[in-house]
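As structure tokens, the structure follows; a few thoughts come after it.
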Amino acid sequence: MSHGEHTPVHHEHVDEWHMHTADEGTPQAEHASTASPWVLLAVFLASIIFLVVFIGATMIYAKGYVSTRRATKVEITTWAAGAREARATAEMRLSQYGWVDPAEGRVRVPIETVMQEMSGHGLVIPAPDQR
């Protein structure tokens, strides 16, 4: 488009709503043509108060939620202490040699050693009567 061209003016058919008659009286004043500074100030202060209350309520709720979650986590952690001790004891028994019953001569053998011997890759120890 060159600078000499312009958008053509388009006139639409005017409907009844746009047509005014003399018996309607004088034209009405424009709505909100002048803003009241006191109304604007009141709306501004109301929005600031709303934001402060909303943020404060959110912080109070979040603090309560976080403290509840922490208490639950501490309870779970406390209850899990016994399970951790039992697991450590079981892992120790599965990974070390030890006596089960010294009177009967029963011993505990590490599970890795037993799995290697069962698969045929471990050291085979001859029975006492074959020595």
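Readers should treat all values here as calculations from the given coordinates under stated rules, not as data from a laboratory. The structure presented is a predicted model; accordingly, all values stated were derived computationally and were not measured.
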*Would you mind listing how long region 36-124 runs along its three principal axes, going by Cα atoms, in whole Å with the largest first?*
99, 30, 11
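Want the number for R106 to K73: 0.36 nm per residue separation, take away the alpha-carbon distance, what's left?
On the way: separation 33, 0.36 × 33 = 11.88 nm, distance 4.23 nm.
That pair, R106 and K73, stretches by 7.7 nm at full extension.
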*Using amide H atoms built 1.01 Å from N in the peptide plane, name the residues 5+ places from R108, or on other chains, whose amide H lies under 5 Å from its own.*
G98, W99, V100
